[in-house]
Amino acid sequence: MKESIQAWGFSAKRKPVVIHPGSGGRSKIWPLRKWYSLCQWLCADFSYPVFAVLGPADEHLKPFADKVRKLAVTVVEDFPLERLAALLAESALYIGNDSGVSHLAAVMGTPTIVIFGPTRAETWAPRGAQVAVVKSRWSNAENLILPSDSAIQEIEAPLKTLARQVLR
């Protein structure tokens, strides 16, 4: 895995920020317009490479992946579990929805921010010293609507604050 990490252009000094905008439950997906704005912010304000991981349950997010590629986000699809774990272990920060990937990031010891909406974070959030939970609300009717290229949505202040603390 180390050869792949170096081939992607990052090292200990340029560890990536990894996002996972998907989840096995579509209602647990933070609105795509907010994910897009988060990618815009991460790419514009920080010098870390940004990776978006998509798994087999995220097929419906491929149009979103095409949009964030234009922001210089590297999209990684269908990684085997051991490669995904290695990527997460080498990352500066992970941000994701209530999903299995979020639990894996926490287990790997990666600074992890998990966004919870309709499910109970008190019950389902990953645990760990480097895990933070951001609670949000959204409408299932609009969470999967693709954003326009110029869409800038306000990102929850707690999420931005937590990300800045890790990426400073």
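Total lysine pairs in the chain at Cα distances under 15 Å, for residues eight or more apart or on different chains: 8.
Averaged per residue, the chain has 48 square angstrom of accessible surface, using a 1.4 angstrom probe with ligands and nucleic acids left out. A simple spin-label model places the labels of ARG137 and GLN165 2.4 nm from each other, with each point 7 Å out along Cα-to-Cβ. Share of carbon and sulfur in the accessible area of the chain stands at 53%, probe radius 1.4 Å.
Relative contact order for the chain: 28 percent, from Cα pairs under 8 Å spaced at least 6 residues apart, divided by residue count. Taking Cα centre as origin and charging only the Cβ of basic (Lys, Arg, +1) and acidic (Asp, Glu, -1) residues, the dipole magnitude of the chain rounds to 400 debye. Packing-based ranking of 23-32, 86-95, 55-64 yields 86-95, 23-32, 55-64, ordered from highest to lowest mean Cβ neighbour count within 10 Å.
Please give the direction-averaged projected area of the C-alpha convex hull for the chain, in square nanometres with one decimal.
Details: hull surface 35.2 nm².
Average of the hull's projected areas for the chain equals 8.8 nm².
The values are calculated or read from the model by the stated rules, or taken from the named source; none is laboratory data. Remember, predicted model here, so these are calculated numbers, not experimental data. Ideal geometry is used to build each Cβ from the backbone, glycine not excepted, and the neighbour counts take in all protein chains shown. The accessibility values were calculated without ligands, DNA or RNA, using every heavy atom of the protein model including side chains. Shrake-Rupley method; radii C 1.70, N 1.55, O 1.52, S 1.80 Å.
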